[in-house]
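One structure is given here, and the rest of the page talks about it.
No lab work stands behind these numbers, since they all come straight from the coordinates. Source: prediction; values computed, not measured. No Cβ is skipped: glycine too gets one built from the backbone with ideal geometry, and neighbour counts run over all protein chains shown.
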């Protein structure tokens, strides 16, 4: 530690002593006062190396470099580092205490071991820190002989020399992060089957968001948007931002939410359609937008949401709408490839909790004609008329059939019948029904 | 009753823009109200009156009207069904009465036969290009053109230069007016043997894919009526075996066996004057699984014949 740290440290130590006294008092009270705290009797060699930090009020600028848990690897061995992380779990074994520190989706094992500089009291203090507290740790990175199970940084562990609680959390948490991140194995009936219910998760969303899976899900979500923007910008598209409070319903069909607008009322946009088209007519040529869309559809299905983020694009084409289909197909492939190549860790993290087969796709994407799709369905006994829309079960079945035959989760169905397309789409001049 | 004045007058002609395409008239079902526009004003009134009546009726007794509508629809659907049944009945009678028509259907043209071929999906490892397709393109050029589309599966990120050269070779082949057959070639991370999937279970190995194609395209590739059918099958098996051997010694054993089938005076394997699927399968395996220096003597001569064939 540098000399500049001395002043706050003495403060910390004083504070620590005070806290310890309080704690001892509390403990005595808790146990009915028949037991004296051992901590105070012993000569503590680690005074000033652990305790509870005073509230950070931006008083001092400490020139201390913190390391991310995610970057702690073999290459850092023997280095002394500072880490600020969540205190995930602690397991005390006599003179040792094994702690798992977590920062975002990364975890590392921290060892607090009784030695010349580490007192028994410090180990005890470490094991009593409540879960999910934020701690500052000064520790040496040490290579491990055998892999640390259950930590993302499996080839190293930390050996603590200082341990400070920055912000202590409530000892009674409404849900345990461990329970919330337990893998879903429906076939495993014998194992520990503790689940956190959805309503508990949503009531305590900040705790739920701390699970590695949720961290990964949000990263993936951000990744999809980034790849969408990247892919289209590269192709010469311009990103536009469209109004969300609008004077009239923008696209017929979907219901609108009415909001009061000073003396009158306005509507929440159900689609950026009109604004995209205005941009095209205004010679933007190729535009896209990412933004919230609101639809007042009072139905409880997977396919209806009152609010969602829409990724929308619009482009002018020269002769054939297949130019647009190809562009959209390439965009999807770009996004899928980006997810496959840049987000493997996140996808694997989600897979650990919710096992799922890897997503497959073909490049260039598979384009099937509606009639081919109908033929495939007819082969397994599901008849769909030439001018009929696919029902949801038929659509799912077709997805399965295509996956079985071509091994792809993504395909484009072209030449949808005119009768079930929106009225403003151009009819095929060579085929009456599509 | 006395006559009332029409509530809505529809005499103003509507000018429709012609910069857009025409839509079907969605109101045409309701008494053709809109079509009456061109009729003299006397009849128009009736249309409007009816419309109003319909409107009032709907308001008063909407549920009843809906029910009536439904009944009407059901009845008309039933009527249609009946018609269909009758037409089927008459068709059946016809065919049973006149056995000649059966012969007619049997004599379907080769074009129609080709149309019955299922779309074929072939999965291949990018390290082992399916050279047999180059032969098939040439062998079938006068009967069927192979419409081959290539896809890259998500399990591979890029394909080798060898396969790229193969693809450009495939695409170079000209297509003419003959009926086509759709083949989708998917470069995928699988074993060295290509897989063809038509139903749930894939056909594995080039030799077996060729066997399958020989059966579906019996008229052009069929070998079962050949007097040397057993020999051809044996050669196909050898080629499959070759694609599954790793050691050099077992490979040289197979190569020796193969060279025995190169007969003097005959251009192709197994004493054939015309190329068979055995040649194709063996060539494919040799290129993909044997070293060029392992091919020697008579076999080399035959190998050059094959090379010449796909360069033609």
Sorted by Cβ neighbour density within 10 Å, fewest at the top, the residues A:284, B:201 = B:201, A:284
Among A:269, A:145, A:77, residue whose mean-square fluctuation peaks in a GNM of chain A (springs only between Cα atoms under 10 Å) | A:145
Cα gyration tensor of the range A:360-434, axes a ≥ b ≥ c as square roots of the eigenvalues: rounded (a/c below 1.5), prolate (a/b > b/c) or oblate?
-> oblate
Peptide A:355-362: average number of partner chain Cβ atoms within 10 Å per residue?
-> 3
Label model pair residue A:147, residue A:93: point-to-point distance (7 angstrom along the Cα→beta-carbon line) in nm is 1.9 nm
Between helix A:322-342 and chain A: long-axis angle, C-alpha atoms, 0 to 90°, nearest 10 = 20 degrees
For A:239, B:72, order by how many other beta-carbon atoms lie within 10 Å, fewest first = B:72, A:239
Could you tell me how many degrees, from 0 to 90 and to the nearest 10, lie between the Cα long axis of helix A:212-234 and the main elongation axis, the longest principal axis, of the Cα atoms of chain A?
-> 40 degrees
Helix A:392-406 versus the longest principal axis of chain A: what angle, 0 to 90°, nearest 10, using Cα atoms?
-> 80 degrees
From DSSP H assignment alone, runs of 4+ in chain A each adding -39500 (n - 2.57), the sum over residues rounded to the nearest 500 puts [θ] at 222 nm at -10000 deg cm²/dmol
Residues in the range A:310-348, backbone N under 12 Å from the label point at residue A:233 (7 Å along the Cα-to-beta-carbon vector): list them, ranges by number please.
-> none
Residues B:159, B:7 in order from fewest to most other beta-carbon atoms within 10 Å are B:7, B:159
Compactness ratio of the range B:135-241: Cα Rg over 2.2 N^0.38 Å, N = residue count?
-> 1.17
